[in-house]
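Supplied in structure tokens, the structure appears directly below.
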Amino acid sequence: MDSQNLNYQAGQAKGQTEEKANTIMEKATNAAHSAQESLQEVGNQMQAKAQEASEAVKNATGMNNSNSNK
């Protein structure tokens, strides 16, 4: 093989490697974003459940002031 052909093949390999690396990075970024959204949703659900539990305790103990002004 001559050096021009070797340079061409090296350039091809480099381009393919960069393309694969970019694809892997994009997939990793998408996975991280998806995980972040899932965790945010879980956090929101937990916060809502805690608020519901707090209101239930207030109602059960008569400490809920929202009905006392009526």
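For Gln12, what is the net charge nearby, where nearby means another residue's Cβ is under 13 Å from its Cβ and Lys, Arg count +1, Asp, Glu -1? Kindly include the intermediate steps, with their values, before the conclusion.
Working: positive: Lys14, Lys20; negative: Glu18, Glu19.
Charge balance near Gln12 sits at 0.
Report, to the nearest 10°, how far helix 3-61 tilts away from the longest principal axis of the Cα atoms in the chain, using its own Cα long axis and a range of 0 to 90°.
0 degrees
Can you classify the chain as rounded, prolate or oblate using the Cα gyration tensor, where a ≥ b ≥ c are the square roots of its eigenvalues, rounded means a/c under 1.5, and otherwise it's prolate if a/b beats b/c and oblate if not? Write out the running numbers ahead of the final one.
Values: a/c = 15.19, a/b = 8.54, b/c = 1.78.
Note, shape of the chain comes out prolate.
Every number in this text was worked out from the coordinates using simple rules, so none of it is lab data. Predicted model, so just to flag it, every value in this text is computed and none were measured. Every residue, glycine among them, receives a Cβ derived from its backbone with ideal geometry; neighbour counts consider all protein chains shown.
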